[in-house]
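The values are calculated or read from the model by the stated rules, or taken from the named source; none is laboratory data. Every value quoted in this text rests on a predicted model; they were computed, and no experiment measured them. Cβ placement follows ideal geometry from the backbone for every residue including glycine, while neighbour counts extend to all protein chains displayed.
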Amino acid sequence: MSRGSEHGLLIEERRRRICELLRAEGRVTVDELASRFGISQVTIRTDLSMLESVGALTRTHGGALSVPDTDEPLDVKQLQHHAEKIVLDSGSTTAEIARRIRTRLELTSVNIITNALNIAALLIDVPSVRLIMPGGILRRESNSLSGHMAEAALANLQADRLYLGADGVDPQIGVMTPHLAEAQLNAKMIQICRQVVVVADSSKFMRRNISLIAKVEQINMLITDRAAPPEAVEELRQRGVEVQLV
């Protein structure tokens, strides 16, 4: 694309192009971008500030640097398909997935079903995301909604993939939580999804909680860090779970 043809782009198109330039070149300057897009340096700085706020770049004096690629608990290429439908459970790891989705300006259409208020807040202004919330009773400790209203709302939905957080992972039993109401809602999430992906850091292994969310046989994939106990990882793989270490 020539520089002349990049004048007059819409805001989202311009910001997407800035991200493409960063991936290709590693750094950009305010002067270069203002000249390329035919707009003021003030507007470019606003663009860079917004992109930094969603983790798409790192601001520097007079410009910006690309964010190095990192292993992340989400293959965003899976979301390229039109109207992909995913469920994000509450939790710090699933919130990180939401942050990653914010940075992917190339996404065109994604349906996100979530019971977590903090995740909804992260995605509320992302144009490519159609946000669906089931309602329910608020549990402030986890910023999540659960209860009969939430379960009834989920019963009428279908999704491609569930990203499920966990407080405990046992390779013989499955994934668990100490919160009964959330476990019951998670069970409904599992029922409406074609694939179940558990995301849990290594500290959650070999913990047992009062409420079982999913048996090992219900889990398609588990994503965790490389400090996970090797014997637990191997047992899960032997039982048919795809384990990704990141």
Open item on the list: Which residue is surrounded by the most Cβ atoms within 10 Å (Cβ to Cβ), if the candidates are limited to region 169-197 and must be assigned to a loop (DSSP other than H, G, I, E, B) and modelled with pLDDT of 90 or more?
Closed with: Pro171
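Could you count how many residues in region 46-81 are part of a helix (DSSP H, G or I), over 24 Å from Leu222 (Cα atoms) and either in contact with a strand residue (DSSP E or B) (Cβ under 8 Å, 6 or more places away or on another chain) or at pLDDT 90 or above (or both)?
Taking region 46-81 as the starting set, the residues that turn out to be part of a helix (DSSP H, G or I) are 46-53, 76-79.
Filter once more, keeping what is over 24 Å from Leu222 (Cα atoms): 46-53.
With the extra rule that they be either in contact with a strand residue (DSSP E or B) (Cβ under 8 Å, 6 or more places away or on another chain) or at pLDDT 90 or above (or both), the set shrinks to 48-49, 51-52.
Selection size over region 46-81: 4.
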Open item on the list: Looking only at region 100-146, count every residue that is crowded, with 19+ Cβ neighbours inside 10 Å, closer than 17 Å to Lys85 by Cβ and more than 13 Å from the chain's Cα centre (by Cα) and tell me the total.
Closed with: 2
TODO: Being in contact (Cβ under 8 Å) with a residue 40 or more places away in the chain and part of a strand (DSSP E or B) is the filter here, so list the residues in region 198-223 that pass it.
DONE: Val199, Ile213, Ala214, Lys215, Leu222, Ile223
TODO: Take region 111-137 and flag every residue that is over 20 Å from Met149 (Cβ atoms) and touching a helix residue (DSSP H, G or I) at 6+ places or on another chain (Cβ under 7 Å).
DONE: Leu122, Leu123, Val126, Pro127, Val129
